[in-house]
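I have placed the structure first, in the form of structure tokens, so that the comments after it can refer back to it.
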Amino acid sequence: MSTKISLTDQFIDLEHQHGAHNYHPLPVVLDRGEGVYLWDVEGKKYFDFLSAYSAVNQGHCHPKIVEALKEQAQQLCLTSRAFHNSAFGPFAAFITEYFGFDKILPMNSGAEAVETAIKIARKWGVQKKGIPQEQAQIVVCNNNFHGRTTTIISFSDDHAAKKDFGPYTPGFISIPHNDINALKAVFTSNKNIVGFLVEPIQGEAGIFTPDENYLRDVQQLCNEHEVLLIADEIQTGIARTGSLLAVCGNCNCESACLRQPNTFAAPDILILGKAISGGVYPVSAVLADNAVMDVIQPGEHGSTFGGNPIAAAVATAALNVVKDENLAQNARKLGVLFRNAINEYIKTSKIVTLVRGKGLLNAIVINDSPESDTAWNICLSLKENGLLAKPTHGNIIRFAPPLVMNEDELMACVNIITKTLRAFEPN
Ligand SMILES: *Cc1c(COP(=O)(O)O)cnc(C)c1O
């Protein structure tokens, strides 16, 4: 009888029958969230250790962000930008001041913001650098993740994301991440390069943090060769890695001090998404100074929902929470505790080879082949033990809890993780 089927299975079955199979979720059906916690439809409580791929840095259903959403939704939701609205101007002033740029171009999803940055860079190349029409090249990194549009998958080397979706968009050159000589070589040999699009820490690839001086050297090379440095901080930004942006480097202040001496780099184009809204509403943004942004004129780019009043209100509230609650500082502190605790475990472990990351963007590498299902099985077991995480690239498990976590909660999570891993150790 159908009454014997669990609620979980009923929901999964509906999704499976009527939803495209473009994801392979863990078999858990979430129904409610608050702060660092999630509850499934059976009422079981979990620690969230993914934070919707770092969109929920401020914690689930943050009351201040939800309140901003409710208030704005009752007043005005959408005008399109055929008209001005009373929310976008103040938001534009707020976010440009917050991150230290002249202008914002608002979009909705991360991939759209990346597309926007690509268009700006190409047009800038033609208009300001004198690159011949249709010759502009953008340098990207191997193993990048910038989204799933047709153009973006054209320069991905993720087989699943790319295969059978051609023809692909030309104009991209891929080099290894964290390889300054490769960047120098490509800049020297090709005069049509307009931008270098880079994740300061590669997220989806498995949390790869480059050498200390990499981003600084990148910045210098870009300046020398008149190439725009385009930082995709959709996953690494908004306090996730222990500073407001990953390009802020080891700077301990709570703002985007992009022009300070101890920052790694000051990108010409900054791409933000995910936690810019605290996971409450799809908001993304491209930030740049006038010399770059002003190449875009009316009719050349846009989005019906981009810069809508709800997005403006939600993102303002979400960014205020980051500062008011010192989330960068908390991520920095807890990140160190987390890696120390996991490293302690690794000393006697055969199943985990290493933990790496920065702030609260971390990953462990499982001692098995990328094709094995060990990491998946560990995540299933973590779920049973009350913690939700997901493998990335086979044998890597990303750990990225909401940044509103406290030390006691983090230690409770470490206990769940180590207890779970212990059951996978060979005898
Ligand atoms: C998630 C992500 C994107 C894509 O964002 P969507 O909102 O899923 O389109 C792009 N770049 C990076 C680094 C990301 O982590």
| note | Under the helix-only model (-39500 (n - 2.57) for each DSSP H run of 4 or more, divided by the residues of the chain), the mean residue ellipticity at 222 nm, to 500 deg cm²/dmol, is -11000 deg cm²/dmol
| For the chain, modelled as a Gaussian network with Cα springs under 10 Å, which listed residue fluctuates most, Arg81, Arg332, Arg356? | Arg81
| note | Computed over segment 63-324, protein heavy atoms only, probe 1.4 angstrom, the accessible area per residue in square angstrom equals 41
| note | In degrees, nearest 10, the alpha-carbon axis of helix 407-422 is tilted away from the dominant principal axis of the alpha carbons of the chain by 70
| Cross-link pairs Lys103/Lys184; Lys103/Lys323; Lys4/Lys390; Lys162/Lys184; Lys4/Lys419; Lys191/Lys274 - those with Cα-Cα distance over 25 Å | Lys103/Lys184; Lys4/Lys390; Lys162/Lys184; Lys4/Lys419; Lys191/Lys274
| query | Who wins for biggest fluctuation among Gly166, Gly242, Gly100 in a Gaussian network model of the chain, springs between alpha carbons below 10 Å? | reply | Gly166
| field | DSSP loop GluC sites (Glu not before Pro) with at most 15 other Cβ within 10 Å: longest gap in the chain | value | 43-133
| said: Can you tell me the orientation of helix 7-18 relative to the chain, as the angle in degrees between its alpha-carbon axis and the longest Cα principal axis, to the nearest 10? | reply: 40
| request: Tell me which residues come under 5 Å, amide H to amide H, from Asp31 once H is placed; ignore anything under 5 positions away on its chain. | output: Trp39, Asp40, Val41
| said: If the elastic network links every pair of Cα atoms under 10 Å, which of Ser189, Ser109, Ser277 fluctuates the most in the Gaussian network model of the chain? | reply: Ser189
| Among bridges DSSP assigns within segment 63-324, what percent are antiparallel (round to 5)? | 40
| field | Principal-axis tilt of helix 214-224 within the chain, Cα atoms, nearest 10 degrees | value | 10
| field | Carbon + sulfur, % of accessible area of the chain - ligands and nucleic acids excluded, 1.4 Å | value | 52
| Radius of gyration and Dmax over the Cα atoms of segment 63-324, both given in Å | 17.8, 56
| request: Can you grab the distance from the C-alpha centre of segment 61-127 to the C-alpha centre of segment 220-234, Å, no decimals? | output: 22
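The values are calculated or read from the model by the stated rules, or taken from the named source; none is laboratory data. Please read all numbers here as calculations on a predicted model, not as lab measurements. Note: ideal-geometry Cβ built from the backbone for every residue, glycine included; neighbour counts use all protein chains shown. Calculation scope for accessible area: heavy atoms of the full protein, side chains included, ligands and nucleic acids excluded. Shrake-Rupley method; radii C 1.70, N 1.55, O 1.52, S 1.80 Å.
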